[in-house]
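A short reminder: the numbers here are calculations on the coordinates, not readings from a lab. Note that the structure is a prediction, hence the values are computed from the model and not measured. All Cβ positions, glycine included, derive from the backbone under ideal geometry; neighbour counts span all protein chains shown.
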Amino acid sequence: MQAGFAPHTEQVNKEAREWLMLMESGDALEHEREALTVWLAASEKHQDAYQQMELIWSDLGAVANSEQGEALRAASADNSLVEAWAGFVSTAQQFFNETLLGALPQTALAVASVAIVAGLFYVSQPEPAAFERYATQVGEIKKIRLADGSEVTLGAKSAFKIRMSEGERRAELESGQAFFVVSKDAARPFWVDAGNTRVRVVGTQFDVRRNQGRTRVAVLEGIVNVSSFEVGTQGASLPLVLTAGQQAIKPSDENLRRLDDISAAELGAWREGRLVYRNVDLIDVIADANRYFKGSISLQASELATMKVTVTLRVDQVGFLPDMLAETLPITVERQFGQRVVISGL
């Protein structure tokens, strides 16, 4: 904690404190996160006040983990909160007297108010649920029933993890592809992170594919909000709103953008053992194929990546895919030892 925080008005401190409490609660909705981004951008004082509150909150973790903090949590189970709370406040006062040397009255007031709210917050918070992780092997497709009644179909050579809490349902697609049928629960939005792409829904059916640093989201039913964010930054871009038949892609080094509409048959084909592509980048087709092929298929030159491909095949025909592509694209196929296939330009 740094001494000598810059002064701010009581109103600015109040707003910064309220924003921080909302963000730390885990219940903030996407439009509230966007509103915070707007509030921060409106003034450097807003940014500084919020950063000060974050520092205070972070250091309160040390107080909460002290002997008095432990006593306060234990006391919540046997109704002796008054005595334990007094100990917590005493420790907090000493902590901030030592770490906020030179703090101005406005900051002291902010510290006191955040300390009270944060103390109650730390007492009331249950232990966070652990993520449950699921993964599949090459060529394997698995259906997973979640605790809330939602269902996930995990594609071949894919991995995702999920954590449920009272306020939200949060998943991360680590690699590969997954189709989500989300049970409707307006009080607990369902989030899916895939790289620097974030999906938010309440109850709908959608597909997420993450390969080669590229994430594609496609909707079968309902409404899906898709946004992108950069790791290590706060907030996310304004979301694209996708409805049935619509899809968007986020390459690692490009902005989130819409793609041509996709049919229900095309979207659901892989779950029935077929791979269907219509005007799709070659790099995405090859990445998919490698999840069903026990060898490896690679592109020799980067300029081949964005060649458009239209092809349909069964997953048990993936080994023949390079030769099928060579019939329509200006490429050559070299088969090497150990089921290694290299695709080059002519």
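Summing Cβ point charges (Lys, Arg +1; Asp, Glu -1) relative to the Cα centre of the stretch 273-345 gives a dipole of roughly 240 debye. Among Y292, Y134, a tally of other beta-carbon atoms within 10 Å of each Cβ gives an order, fewest to most, of Y134, Y292. Computed from the alpha carbon atoms alone, the convex hull of the stretch 304-345 holds 76 Å³ per residue. For the stretch 179-193, backbone phi angles converted through the Karplus equation (6.51, -1.76, 1.60; θ = phi - 60°) give residue-by-residue couplings of 10, 10, 10, 9, 5, 6, 7, 4, 7, 10, x, 10, 10, 10, 9 Hz, Gly and Pro being listed as x.
Could you give the Stokes-Einstein D for the stretch 273-345 in µm² per second, using the C-alpha Kirkwood radius, 4 °C, 1.567 mPa s? Rounded to a whole number, D works out at 107 µm²/s. When each of T215, T204 is scored by the number of other beta-carbon atoms lying within 10 Å, the sequence from fewest to most is T204, T215. This ranking places W270, W39 by how few other beta-carbon atoms lie within 10 Å of each, fewest first, which gives W39, W270. Please give me the summed charge of the neighbours of G149: other residues whose Cβ is under 14 Å from its Cβ, Lys and Arg +1, Asp and Glu -1. Computed value for this residue: +2.
Here the peptides 315-326, 137-148 are ranked by packing, the mean other Cβ count within 10 Å, and the order with the highest first is 315-326, 137-148.
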